[in-house]
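Undergrad: Here it is: the structure, laid out below.
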Amino acid sequence: MSDEPLGIALLGAAFMGRAHAHAFRTAATMLPGSPSTRLELLVGRDAARADEAAGQLGFARGVGDWRAAVEDPAIAIFDDVGPNDLHAAPTIAAARAGKHVICEKPLGRTADEALETWRAAHEAGVVHLCAFNYRFVPAIRHARDLIAAGTIGAVRHVDARYLQDWLVDPQAPTTWRLRRASAGSGALGDLGSHLIDLCRYLVGEIDAVAAQTRTFTPERPGGPVDVDDAVSATLSFAGGASGTLTASRVAPGRRNALGLEIHGSEGSITFALERMNELGLYLPGGPPGTDGFRTVLMTDPEHPFAPAWWPPGHLLAWEHTFVHELDHLLRAVRDGRSVRPHGADFEDGYRAAEVCDAILRAAASGRTEPVAYRTVA
């Protein structure tokens, strides 16, 4: 790969589009050796509004049709952060046109759709990344290193939860996120997919699930709701661990509360996204009267990502996860390699979708359901 800047097309100019645009701009200035980029095209629903947003986000121009980005030879990377029903078709078309591809989670509204998307990228031979950005939190990366090193022994149990409160008010209007046709699922695909990916990344493959889902407000201003407000599941891991998963968008007072507890035979790890610079660690054996969890501040030079940023004690924030993630993708494109193991590729995105589908089946059947993974090879 030459040193020519990589042309970027971004589908989506709202919340997640701003996060990705900021990350592309920041990586080049803050992370030594990050490949250079050109922010070429911003794709929106309306060409005039997309062009206006392009100026704000640093793109050369905006367009109203994603096909223009797929067909443009100046585009090396197609980044899809649109609504869930705009994940598969644009991403598949971009991969088949030879673009390297990023797609927001969930990769597909169903496992079948995610499998089709993975297959297209695999057959095209392009670099592909499913945007599970929490893999790029320093504390999460450090937790993985500790688990892999056997620091807490064999993992026995995982408690994973992701709680938000933006749908507590029954008068909150219906959006695309509350319709199965456009979203696929509710709290499960939106929040639970992050937990599933983190469980797979930190602990290993999930092979069976039991679950229940609830929709507490089936009718909202703007129309009916046919996806879950909350989901609770139990997880069985192929390596022998067990787990629990809870995701809710109706948890009063919880703004963006992703939390993990991982208990091993020799110790435990805790993490809370709202205190994302900290990792809780319990290792027994301290002096009498001092036994308990300690908090590790993830800003010292030996911690993941810290050398690229600030002096010890100076904190990172949520947007930095996207800087780490997209820099990781850019380096993979430059070097002609996969984003694995630390990045989630489309196989990881597909496998998370397969677990989501199994959870929905378990909730419907009232039984424990196996998770069967397919392949594109």
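The values are calculated or read from the model by the stated rules, or taken from the named source; none is laboratory data. Predicted, not measured: the structure shown is a model, and the values here were computed from it. Please note: Cβ atoms are built from the backbone with ideal geometry, for glycine as well, and neighbour counts cover all protein chains shown. Calculation scope for accessible area: heavy atoms of the full protein, side chains included, ligands and nucleic acids excluded. Shrake-Rupley method; radii C 1.70, N 1.55, O 1.52, S 1.80 Å.
Undergrad: Within the set of pairs 6+ apart or on separate chains, which have a first residue in the range 132-144 that is farther than 11 Å from Leu279 by Cα, a second that is hydrophobic (A, V, I, L, M, F, W, C) and in a helix (DSSP H, G or I), and C-beta atoms under 7 Å apart?
TA: Correct list of pairs: Asn133/Phe322; Tyr134/Ile140; Tyr134/Leu198; Arg144/Leu202.
Undergrad: Further, regarding this structure: Which of the residues belonging to the range 28-52 are part of a helix (DSSP H, G or I) and in contact with a Leu (Cβ under 6 Å, 6 or more places away or on another chain)? Can you show your working first?
TA: Looking only at the range 28-52, we keep the residues that are part of a helix (DSSP H, G or I), and these are 28-30, 47-52.
Scanning the range 28-52 gives a single hit, Ala50.
Undergrad: When the residues of the range 324-347 are filtered to those that are closer than 13 Å to Ala27 by Cβ and touching a His at 6+ places or on another chain (Cβ under 8 Å), which remaining residue is surrounded by the most Cβ atoms within 10 Å (Cβ to Cβ)?
TA: Residue satisfying both the conditions and the ranking: Leu326.
Undergrad: Let me ask something else. Considering only the range 73-120, state which residues are surrounded by fewer than 21 Cβ atoms within 10 Å (Cβ to Cβ), over 18 Å from the mean Cα position of the chain (by Cα) and in a helix (DSSP H, G or I).
TA: Listed by number, the residues that qualify are Ala89, Ala93, Arg96, Asp112, Glu116, Arg119.
Undergrad: Please work out if Pro301 is exposed (fewer than 11 other Cβ atoms within 10 Å of the Cβ), touching a helix residue (DSSP H, G or I) at 6+ places or on another chain (Cβ under 8 Å) and within 28 Å of Leu31 (Cβ to Cβ).
TA: Values: exposed (fewer than 11 other Cβ atoms within 10 Å of the Cβ): yes; touching a helix residue (DSSP H, G or I) at 6+ places or on another chain (Cβ under 8 Å): yes; within 28 Å of Leu31 (Cβ to Cβ): yes.
Against the criterion (exposed (fewer than 11 other Cβ atoms within 10 Å of the Cβ), touching a helix residue (DSSP H, G or I) at 6+ places or on another chain (Cβ under 8 Å) and within 28 Å of Leu31 (Cβ to Cβ)), Pro301 qualifies.
Undergrad: Picking from Val323, Val333, which residue would you name as being outside any strand (DSSP E or B) and within 17 Å of the chain's Cα centre (by Cα)?
TA: Values: Val333 fails: within 17 Å of the chain's Cα centre (by Cα).
The unique qualifying residue is Val323.
Undergrad: Looking only at the range 139-185, count how many residues are of a type in the set (D, E, K, R), assigned to a strand (DSSP E or B) and closer than 18 Å to Arg255 by Cα. Quick ask: steps written out before the conclusion?
TA: Let us first name the residues in the range 139-185 that are of a type in the set (D, E, K, R), namely 141, 144-145, 156, 159, 161, 165, 169, 177, 179-180.
The next check asks that each one be assigned to a strand (DSSP E or B); those that pass are 156, 159, 161.
Adding the requirement that they be closer than 18 Å to Arg255 by Cα leaves 161.
The total comes to 1.
Undergrad: Moving to a separate point now. Of the residues Thr295, Thr270, which is under 17 Å from Asp145 (Cβ atoms) and modelled with pLDDT of 95 or more?
TA: Details: Thr295 fails: under 17 Å from Asp145 (Cβ atoms).
On inspection, the qualifying residue turns out to be Thr270.
Undergrad: So, of the residues in the range 156-192 that are closer than 24 Å to Ala241 by Cβ and open to solvent by 30 Å² or more (accessible area, probe 1.4 Å), which turns out to be farthest from the chain's Cα centre (by Cα)? First the steps, then the outcome.
TA: So in the range 156-192, the residues closer than 24 Å to Ala241 by Cβ come out as 156-163, 187-189, 191-192.
From what is left, the residues that are open to solvent by 30 Å² or more (accessible area, probe 1.4 Å) are 156-157, 159, 161, 163.
Numbers: Arg156: 24, His157: 22, Asp159: 18, Arg161: 14, Leu163: 15 Å.
So the residue we want is Arg156.
Undergrad: Run Trp310 past the list (1) under 21 Å from the mean Cα position of the chain (by Cα); (2) farther than 30 Å from Arg214 by Cβ; (3) surrounded by fewer than 19 Cβ atoms within 10 Å (Cβ to Cβ) and report the number of the one that doesn't hold.
TA: (1)
Undergrad: Identify, please: which residue in the range 121-131 is in contact (Cβ under 8 Å) with a residue 40 or more places away in the chain and in a helix (DSSP H, G or I) and is, among those, most open to solvent (accessible area, probe 1.4 Å)? Give the steps one after another, and end with the answer.
TA: Just the residues of the range 121-131 that are in contact (Cβ under 8 Å) with a residue 40 or more places away in the chain, to begin with: 121-123, 127-131.
Those left that are additionally in a helix (DSSP H, G or I): 121-123.
Working: Ala121: 0, His122: 93, Glu123: 129 Å².
That would be Glu123.
Undergrad: Only residues that are polar (S, T, N, Q) and part of a loop (DSSP other than H, G, I, E, B): list them for the range 218-276, please.
TA: Once the filter is applied, which keeps residues that are polar (S, T, N, Q) and part of a loop (DSSP other than H, G, I, E, B), the range 218-276 yields Asn256, Ser265.
Condition check ((1) touching a helix residue (DSSP H, G or I) at 6+ places or on another chain (Cβ under 9 Å); (2) small (Gly, Ala, Ser)) across all residues:
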{"position": "Gly17", "(1), (2)": "yes, yes"}
{"position": "His22", "(1), (2)": "yes, no"}
{"position": "Leu31", "(1), (2)": "yes, no"}
{"position": "Thr37", "(1), (2)": "yes, no"}
{"position": "Val43", "(1), (2)": "yes, no"}
{"position": "Gly55", "(1), (2)": "no, yes"}
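Undergrad: So is Leu57 within 24 Å of the chain's Cα centre (by Cα) and in contact (Cβ under 8 Å) with a residue 40 or more places away in the chain or not? Spell out how you get there, then give the answer.
TA: Working: within 24 Å of the chain's Cα centre (by Cα): yes; in contact (Cβ under 8 Å) with a residue 40 or more places away in the chain: yes.
Yes: the conditions hold for Leu57.
Undergrad: Quick one: Arg61 ticks every box in (1) under 21 Å from Ala332 (Cβ atoms); (2) surrounded by fewer than 15 Cβ atoms within 10 Å (Cβ to Cβ) except a single one, so which number is it?
TA: Among (1) under 21 Å from Ala332 (Cβ atoms); (2) surrounded by fewer than 15 Cβ atoms within 10 Å (Cβ to Cβ), Arg61 violates only (1).
Undergrad: Restricting the range 141-155 to residues that are surrounded by 14 or more Cβ atoms within 10 Å (Cβ to Cβ) and of a type outside the set (D, E, K, R), which is farthest from Phe322 (Cα to Cα)? Show your work before the answer.
TA: Filtering the range 141-155 down to residues surrounded by 14 or more Cβ atoms within 10 Å (Cβ to Cβ) leaves 141-144, 146-147, 151-153, 155.
Right, trim to of a type outside the set (D, E, K, R) and you get 142-143, 146-147, 151-153, 155.
Working: His142: 17, Ala143: 19, Leu146: 23, Ile147: 24, Thr151: 28, Ile152: 28, Gly153: 31, Val155: 28 Å.
By that ranking, first place goes to Gly153.
Undergrad: Just the residues that are in a helix (DSSP H, G or I) and either touching a residue at least 12 places away in the same chain (Cβ under 8 Å) or surrounded by 15 or more Cβ atoms within 10 Å (Cβ to Cβ) (or both), please, taken from the range 10-27. Let's see the steps before the verdict.
TA: Here is the first cut: in the range 10-27, the ones in a helix (DSSP H, G or I) are 15-27.
Result: Met16, Gly17, Arg18, Ala19, His20, Ala21, His22, Ala23, Phe24, Arg25, Thr26, Ala27.
Undergrad: Which count do you get for residues in the range 186-213 that are assigned to a strand (DSSP E or B) and over 13 Å from Leu360 (Cβ atoms)? It would help to see each step written out before you state the result.
TA: First, pick out the residues of the range 186-213 that are assigned to a strand (DSSP E or B): 206-213.
Those left that are additionally over 13 Å from Leu360 (Cβ atoms): 206-208.
Going through the range 186-213 one residue at a time, the tally reaches 3.
Undergrad: Can you tell me which of Ile359, Ile269 is farther than 18 Å from Arg141 by Cβ, among the β-branched types (Val, Ile, Thr) and crowded, with 16+ Cβ neighbours inside 10 Å? Give the steps one after another, and end with the answer.
TA: Details: Ile269 fails: farther than 18 Å from Arg141 by Cβ.
Criteria check complete, one pass: Ile359.
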